[in-house]
1. Over region 4-50, give the accessible area per residue in Å² for a 1.4 Å probe, as an integer.
2. According to the square roots a ≥ b ≥ c of the eigenvalues of the Cα gyration tensor, what is the shape class of region 6-73, taking rounded for a/c under 1.5, prolate for a/b larger than b/c otherwise, and oblate for the remainder?
3. Given N residues in region 85-176, what is its alpha carbon radius of gyration divided by 2.2 N^0.38 Å?
4. Using r as the Cβ-Cβ distance of I162 and R72, and R0 as 30 Å, what FRET efficiency do you calculate, to the nearest 0.05?
5. What order, most packed first, do the peptides 215-225, 365-375, 199-209 have when packing is the mean number of other Cβ atoms within 10 Å of each residue?
6. If one computes the Cα centroid of region 237-286 and of region 65-125, what distance in Å separates the two points?
7. When a/c reaches 1.5 or more, the comparison of a/b and b/c decides; with that in mind, is region 46-109 rounded, prolate or oblate per its Cα gyration tensor?
8. Taking a ≥ b ≥ c as the square roots of the eigenvalues of the Cα gyration tensor of region 243-283, is the shape rounded (a/c under 1.5), prolate (a/b larger than b/c) or oblate?
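The values are calculated or read from the model by the stated rules, or taken from the named source; none is laboratory data. Remember, it's a predicted structure, so these values are computed and weren't measured experimentally. Neighbour counts are summed over all protein chains in view; Cβ atoms, including those assigned to glycine, are modelled from backbone coordinates with ideal geometry. For the accessible areas, the whole protein counts, side chains as well, though only heavy atoms, and no ligand, DNA or RNA atoms are used. Shrake-Rupley method; radii C 1.70, N 1.55, O 1.52, S 1.80 Å.
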Amino acid sequence: MFASLVSITSLMLSTMLMMVGYGLMNYLIPVRSVAEGWSSFLISVIATGYTVGFTVSCIVTPKLVLRVGHVRVFGALITLLTASILVSALLVDWRAWIAFRAISGFAVAGCYLVIESWLNERVTNETRGSVFSIYMMVTLAGSIGGQYLVPLGDPLSTTLFIVCGIVFAVAILPTALSTAQSPAPIAQVQFGLKKLYLRSPVAAVGAILAGILSGTWASLGGVYTTQSGFTTGQGATLLAFVLAGGALGQIPIGRISDRTDRRYVMIACGVIGVVAATAMFFMSPETPRLLYGSAFIVGSMLYPIYALNVAHANDRADPSEYVTISSSLMVLYGLGTVAGPLIGGGAMELAGPRGLMLYLSIGFAIYAAYAAWRVMKGNPTVAPDERADFHAIAVPMRGTDPAGSIAVDYETEYDPAQSEQ
């Protein structure tokens with residue numbers, strides 16, 4: 001375990017710095033957008049630029065790594081991140097910000113893919129769970145720390161944008177100067193959406209819904225806090241509670257799902273998510289403790305449901321299909337993150353900032369209802385001793401899977417006997 005940690009120390013430090021910049025950027029951009037007087041729908045269009053770039057990167061970045069290697073690609077992506085946030089300060093125009101956010105989304109997704117494939121090579125099966133738990137804590141701490149930088153400056157000035165750019169630029173140094181051996185080239189991404197749906201329709205549909213829910217919150221959560229009258233400090237705290245819930249909720253949810261039909265856990269997560277999001281709809285900044293508690297519960301349902309989909313699909317797959325299925329889920333999740341903010345922005349335009357919580361409630365309800373419908377069809381479950389292990393996924397997760405984010409193509413025949421709900 002100690003040897004595994006030593007070999008990834010530089011990578012973890014780079015990840016921490018990158019996530020500090022990520023947390024700052026993802027809170028600063030919506031706060032500044034609201035200050036510019038842009039509508040909720042317009043802000044959601046800007047956010048969609050990010051999710052489109054993120055999804056495209058999941059396909060393109062592996063090809064780049066094959067050509068020039070992990071370190072060079074990581075350095076290039078960090079450079080793009082730095083440039084995207086700095087030019088956002090120079091040119092404050094919503095049309096330009098769509099492009100800038102697309103660039104940042106492309107860079108962030110690429111960094112995730114490089115980091116997680118690098119980690120996968122450095123750890124053993126015995127240390128994988130512990131190392132990725134540490135990775136999750138690093139991403140969480142970095143993102144929350146970055147959010148709390150926003151109250152220390154003026155979003156209307158260029159200072160915070162410059163600070164964010166500096167943090168991103170420094171993030172490349174630990175990895176670039178490390179003497180650790182670079183990982184081997186990664187495999188080409190191939191997708192099997194039809195195979196995924198035949199294996200588990202509930203995982204395929206659930207991945208889209210998970211992308212809609214988490215993509216909407218990640219893109220518009222800062223808009224919700226700002227338009228609801230929160231101070232930047234209160235807004236950072238609420239966003240932090242959502243992320244903390246997402247990180248800490250995965251462990252109990254994963255353990256429970258390993259011992260029962262995962263569809264029952266999906267239903268429970270959806271129902272609890274409906275209750276918590278509806279509670280937030282009726283709350284205001286005047287009741288901060290109740291609001292933060294509800295936000296924690298929302299986060300603890302919001303982020304783990306994607307990992308549930310991955311585990312459930314792998315339960316029905318041959319081991320040789322794991323990475324292909326994970327990549328297919330990643331694409332469906334990415335499509336959800338593209339559509340989610342646009343619809344969520346429209347909901348906020350019609351119903352005000354609280355419309356976001358109503359929208360999340362509906363999303364959770366559909367997630368639970370679809371899983372319940374698949375259960376009612378009476379398809380057989382998989383015995384616990386025949387299942388794949390549940391893997392927690394680092395938050396803020398936007399479509400990557402540490403168990404197999406880079407896929408290769410396997411010539412595996414589909415067995416109808418394994419077809420599931």
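1. 26
2. Judged from the Cα gyration tensor, region 6-73 comes out oblate (a/c at least 1.5, b/c at or above a/b).
3. Normalised Rg, Cα atoms only: 1.32.
4. For R0 = 30 Å, the calculated efficiency reads 0.70.
5. So the order, starting with the most tightly packed, is 215-225, 199-209, 365-375.
6. 29
7. oblate
8. Taking the square roots of the gyration eigenvalues as a ≥ b ≥ c, region 243-283 is oblate.
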